[in-house]
Amino acid sequence: MSESEYSALQDRAASGEADAVGELIELAAEREDFEVLRRLAANGSRDAMDQLVELAAEKGDVEELRRLAASGSRDAADVLTELES
């Protein structure tokens, strides 16, 4: 997918198109695009939050996991507990 197609997908997702949101989450996770996933999660996407936690765990990004846990993600808190034990 070209950058212009990716940008168009972001626009469609921003307008609330559910299929576009799902596709964008998938692509953002593949691209390790934390910024897009954060934005979608902040807008209420549970799937984006799940992908953020999964990606941060895979990367061993303790700082991101702490940020997510502080914002209320129980999954991130659980992963942190596992990593810190």
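List of remarks:
- When residues in segment 35-56 are screened for being of a type in the set (Gly, Ala, Ser) and modelled with pLDDT under 95, 4 of them pass.
- Residue match in segment 65-83 (condition: in contact with a Ser or Thr (Cβ under 7 Å, 6 or more places away or on another chain), among the hydrophobic types (A, V, I, L, M, F, W, C) and under 26 Å from Tyr6 (Cβ atoms)): no
- Looking across segment 42-76 at every residue that is in contact with a helix residue (DSSP H, G or I) (Cβ under 9 Å, 6 or more places away or on another chain) and without any contact (Cβ under 8 Å) to a residue 12 or more places away in the chain, the one that is surrounded by the most Cβ atoms within 10 Å (Cβ to Cβ) is identified as Ala69.
The values are calculated or read from the model by the stated rules, or taken from the named source; none is laboratory data. Here the structure is a predicted model, which means the values were calculated and not measured. Please note: Cβ atoms are built from the backbone with ideal geometry, for glycine as well, and neighbour counts cover all protein chains shown.
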